[in-house]
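Where a number appears in this text, it was derived from the coordinates with a stated rule and is not lab data. Quantities reported herein were computed from a predicted structural model and do not represent experimental measurements. With ideal geometry, Cβ positions are generated from the backbone for all residues, glycine too; neighbour counts draw on all protein chains shown.
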């Protein structure tokens, strides 16, 4: 158990940097990430677009002075919430970016575990063709990312809405049916979440 905790800590300390799709997309925590290390990551991976998933106010605090243009990198602020359901327009904007020609991509949030996890799951499903179950369970995990779904239920509510719809294509559903499903969920109640990882049960024990 101590060894497992130490492994998680090492990953988190080293900015929670992980590959989402080899050669195409990565995820990282901005918190504690120096500008020098960010520069090395961007150059080494040939990243062309950074998608900052945090509140724009947070992005403005520590990204405003970073010269992305000098590295030939495009910077996009897309506040993809994870503590609650993400607004449909934000999900659609993220999908526009990752299905476009702007890659390779780097997904960024404060700790690299919740918003980046949701973004990475969307990318794995829509771009890589993974099933929703495989994408969510591979990208939204406590080990090695530190994701705790009981406090960040948004991605899991999003998945529950999609699966309850019976739709086959996540991208088509997200663009065309999610806006109405989102309004219903916000106005009344979100659907039951049937797929939270086991960490929820163990942490509540």
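Just a few scattered comments:
- The fewest-to-most ranking of 105, 68 by surrounding Cβ atoms within 10 Å reads 68, 105.
- Inter-label distance, nm, simple model (7 Å from Cα along the C-beta direction), residue 39/residue 168: 5.0
- Here the Debye sum runs over all C-alpha atoms of segment 38-84 as equal scatterers in vacuum, and log10 of I(q)/I(0) at q = 0.23, 0.25, 0.30 Å⁻¹ comes out as -0.85, -0.95, -1.15.
- Whether segment 116-165 is rounded, prolate or oblate, judged on the alpha carbon gyration tensor where a/c under 1.5 counts as rounded: oblate
- Estimated distance in nm for a label pair at residue 133 and residue 70, the labels positioned 7 Å out from Cα along Cα-to-Cβ: 4.9
- A full extension of the chain between residue 24 and residue 62 corresponds to an added length of 11.2 nm, given 0.36 nm per residue minus the alpha carbon distance.
- Geometric extent, Cα atoms of segment 2-204 - Rg, Dmax (angstrom): 16.5, 48
- Per-residue Cβ neighbour rank within 10 angstrom, fewest leading, 114, 130: 130, 114
- Cβ crowding within 10 Å averaged over residues, with 137-143, 167-173 ranked highest first: 137-143, 167-173
- Here each label is just a point 7 Å from Cα along the line to Cβ, and for residue 148 and residue 55 those points are 1.9 nm apart.
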